[in-house]
Structure formats: structure tokens, C-alpha cells
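A.B. asks: Got a structure for you, written out below as C-alpha cells; questions coming shortly.
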């Protein structure tokens, strides 16, 4: 898995509130373009965010499914991005203080054509994209008004 981390200047609860809001998925996940629907049970195991991926006008409908979840601590999903493949993504939240949290994001392409790439090649693609995703997650979590 390709892993990066970022310390965000807010609580794990505020960060998890963004992750638990399936409608915010396209706001922080690089490559997700539009949310079509979110299962009412999101982020429970098996729940899905139905989204579009890719640049317009080449967007395709796809979905992300929760594999594992621990409130305010961890979210693991299978993120599909056909025809490229599918990835397993795990976000772990480690409270450092009341207003600082380390977020660790690990991702591996697990199927499809991109799944045959060696980890080093995957890292060239995933590290910059995931660094931007954590930057966006930081902005959303720190600046969410009136939320957890």
C-alpha cells in the first residue's frame, strides 16, 4: 500500500464528520466528480456512495463501498474507478491532542489494468493525488461551521 499522512489542526471527531458525510465525498476525493446518491446507512459497513469519476465529458458512473469503520478512528473503502480498476483506501485518525489529529491514508490499486503496476509506479500516481485529498480534507474539517 502507498501511505501518506498529514497532521490536521482539529479533532478526530470533526475530521470523521467530513468522512461520515457521503455528500462531501467529491469535495475531498481527487477524481470523484459528482455524487449521484449516498446510502442512508453511510458510513456503515456495506454502505455506498454512488459517484461519477473522471474528467468531463468522459465521466463514468461508479461507486465506493465501506469495508470497515470505527467511528472517529478509521474508515476503509473499496473505491471503484473503472475502467482503470479499483482501489482499497484506509484512513486512520490518530488524535495527538484535543485540536490536532494525524490522518494516515493508505491506498493500493487492487484490481483492473492499473493493479498490475508495481507499488513504486502506483506511488508515483497515488502520493500526489492523496496528498491533495488530505489537503482538501483538512480544509473541510477545519472550516466546517456549526458541525461536530
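Values quoted throughout were computed directly from the atomic coordinates according to the rules given, and no laboratory measurement underlies them. Every value quoted in this text rests on a predicted model; they were computed, and no experiment measured them. Here Cβ is always computed from backbone atoms with ideal geometry, including for glycine, and neighbour counts include all displayed protein chains.
A.B. asks: So what are the three principal axis dimensions of the range 1-85 from its Cα atoms, in whole Å, longest to shortest?
C.D. replies: So the extents along the principal axes, rounded to whole Å, are 38, 27, 23.
A.B. asks: Here's another thing I want to ask about it. Taking R0 as 25 Å, what's the FRET efficiency between residue 78 and residue 99 from their Cβ-Cβ distance, rounded to 0.05? The partial results should precede the final answer.
C.D. replies: On the way: r = 32 Å, r/R0 = 1.27.
The calculated FRET efficiency here is 0.20.
A.B. asks: Suppose R0 equals 30 Å; then what is the FRET efficiency for residue 124 and residue 33 from their Cβ-Cβ distance, rounded to the nearest 0.05? It would help to have the intermediate numbers written out before the result.
C.D. replies: Details: r = 23 Å, r/R0 = 0.75.
Efficiency computed from Cβ-Cβ geometry: 0.85.
A.B. asks: Here is a further query. Please tell me the relative contact order of the range 2-143 in percent, rounded to the nearest whole number, where contacts are Cα pairs under 8 Å and at least six residues apart. It would help to have the intermediate numbers written out before the result.
C.D. replies: On the way: 311 pairs, mean separation 41.3, N = 142.
Across the range 2-143, relative contact order equals 29 percent.
A.B. asks: For residue 61, project a label point 7 Å along Cα to C-beta. Then give me every residue of the range 24-43 with its amide nitrogen under 17 Å of that point.
C.D. replies: Label zone hits: 33-40.
A.B. asks: Can you pull the semi-axes for the chain, root of five times each eigenvalue of the Cα gyration tensor, sorted largest first, whole Å?
C.D. replies: Equivalent ellipsoid of the chain: 24, 18, 14 Å, largest first.
A.B. asks: A further question follows. For the chain, take the longest principal axis of its alpha carbons; what is the angle in degrees between that and the long axis of helix 119-143, to the nearest 10 within 0 to 90?
C.D. replies: It is inclined by approximately 40 degrees.
A.B. asks: Please compute the Kirkwood hydrodynamic radius over the range 9-58, one decimal place, Å, based on all pairs of different Cα atoms.
C.D. replies: 11.7
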